[in-house]
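The values are calculated or read from the model by the stated rules, or taken from the named source; none is laboratory data. None of these values were measured; they are calculated from a predicted model. Reconstructed Cβ throughout: ideal geometry from the backbone, glycine too, with neighbour counts over all protein chains shown. Side chains are part of the model used for accessible areas, which takes the heavy atoms of the whole protein and leaves out ligands, DNA and RNA. Shrake-Rupley method; radii C 1.70, N 1.55, O 1.52, S 1.80 Å.
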Amino acid sequence: MQCDRYLSFDIGGTSLKYAAFHPEGTLAYAGLVPSRLAEGPAGLLRQLQDLTDQLLTGGMTLMGTGLSCPGQIDPVQGRIIYANRNFPGFSGYTLAAAAADRLGCPVSLDNDVNCAALGELYFGQGRGLRDFMCLTFGTGIGGAIIHGAQLYRGPHYSAGEFGHITLDRQPDALPCSCGQRGCFEAYASASALCRRVKQVTGQDLDGQTILLRRQTAELAPVYQAWLQDVVTGLKSLVYVLDPQAIILGGGIMQEPALIRDLDQALNRALMPGYSGLPVRAAALGNQAGLYGAFALIKQKVAGDHDNG
Ligand SMILES: [Zn+2]
């Protein structure tokens, strides 16, 4: 029997997630392999081709492939404007066109946090909402803005760089990966929490362990200080964007107690007009980017069809 499939790939520094979707949006299967980014664009294209060959079995037609990638992305040209050092040779690379040539199907490309926000909009916690913001907490803090039930990208495709709003402008403020000091993510990312705990206790603990022990005498003060820094950043963003909800992703945000603490602390900190703002954990976990990349390629294929 003939059946259509869309594929999506979420390309990360260490792993490459993949998924196959039925056209109506049901996930057929998903998985993860180590990414071969060290081999540059040619290695990634080979890997995408190999996975595509494995994912499509006889009788399946590949309708399109959606790519989600970190960094600054021009989704119109399908080009990576800037990628960090984990992506050697990718800055300036027109990945979508190269992948379309290689795979023989339409390909879309967008930033990973944008894709995650779209995944939540269409399939997760954002369903039924028109205006919300998404933040992902990991090594840094990524952000995306959904406005009027659409992704707001900005004229330079760089809206929602929430990790680099300034939290501390003292000369000795913490350095950030962007080269500046005092950025939100230097204080409030998941990695920042681990660093702060290590400074106080001398122990290398992962985020999950820290959250489990967050009420112990040893960790409560450092956890509360970090929580207040997260809230300080979120509060500024709420005052700018007035969202219907805040959706938080990243491994650490899968802990319901943290979401509860953040919801309470943020709502205490906000002016009364904003009170009752829901803080929610991303529903799709680390598959949000795959769902969003699928949504984008499906829209692109539908648009090409309408225009052609
Ligand atoms: Zn920064």
Counting only residues that are within 16 Å of the ligand (Cβ to nearest atom), of a type outside the set (Gly, Ala, Ser) and out of contact with any Asp or Glu (no Cβ under 7 Å at 6 or more places or on another chain), region 180-203 contains a total of 6
Which of the residues spanning region 234-283 are on the phi > 0 side of the Ramachandran plot and surrounded by 17 or more Cβ atoms within 10 Å (Cβ to Cβ)?
-> Gly250
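So that you can scan it fast, the table gives a plain yes or no per residue for (1) over 19 Å from the mean Cα position of the chain (by Cα); (2) surrounded by fewer than 15 Cβ atoms within 10 Å (Cβ to Cβ):
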| site | (1), (2) |
| --- | --- |
| Arg5 | yes, no |
| Gly13 | no, yes |
| Glu39 | yes, yes |
| Leu44 | yes, no |
| Thr57 | yes, yes |
| Gly78 | no, no |
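Yes/no per residue for (1) within 16 Å of the ligand (Cβ to nearest atom); (2) at pLDDT below 95; (3) outside any loop (DSSP other than H, G, I, E, B):
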| residue | (1), (2), (3) |
| --- | --- |
| Tyr157 | no, yes, no |
| Asp168 | yes, no, no |
| Cys178 | yes, yes, no |
| Leu205 | no, no, no |
| Ile210 | no, no, yes |
| Tyr223 | no, no, yes |
| Val231 | no, no, yes |
| Val238 | no, no, yes |
| Pro243 | no, no, no |
Yes/no for Tyr157 being open to solvent by 90 Å² or more (accessible area, probe 1.4 Å) and in contact with a strand residue (DSSP E or B) (Cβ under 9 Å, 6 or more places away or on another chain) = no
Can you find a residue in region 123-133 that is more than 10 Å from the ligand (Cβ to nearest atom), without any contact (Cβ under 8 Å) to a residue 60 or more places away in the chain and either in contact with a Gly (Cβ under 8 Å, 6 or more places away or on another chain) or small (Gly, Ala, Ser) (or both)?
-> yes
Candidates Ile146, Ile141, filtered to the one that is touching a residue at least 24 places away in the same chain (Cβ under 8 Å), under 30 Å from Arg36 (Cβ atoms) and buried (at least 24 other Cβ atoms within 10 Å of the Cβ) = Ile141
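Table: residues versus (1) more than 21 Å from Gly249 (Cα to Cα); (2) at pLDDT 95 or above; (3) outside the structural domain of Leu27 (by TED's automatic domain parsing).
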{"site": "Pro88", "(1), (2), (3)": "yes, no, no"}
{"site": "Thr94", "(1), (2), (3)": "yes, yes, no"}
{"site": "Ala100", "(1), (2), (3)": "yes, yes, no"}
{"site": "Phe123", "(1), (2), (3)": "no, yes, yes"}
{"site": "Gly138", "(1), (2), (3)": "no, no, yes"}
{"site": "Tyr152", "(1), (2), (3)": "no, yes, yes"}
Using the structure shown, decide if Asp242 is under 30 Å from Val76 (Cβ atoms), of a type in the set (Asp, Glu), in the same structural domain as His147 (by TED's automatic domain parsing) and under 21 Å from the mean Cα position of the chain (by Cα).
-> yes
What are the residue pairs meeting all of these: first residue in region 173-187, first residue in contact (Cβ under 8 Å) with a residue 12 or more places away in the chain, second residue more than 6 Å from the ligand (Cβ to nearest atom) and open to solvent by 70 Å² or more (accessible area, probe 1.4 Å), Cβ atoms under 6 Å, and 6 or more apart or on different chains?
-> Ala173/Arg181; Arg181/Pro175; Gly182/Thr166; Gly182/Arg169
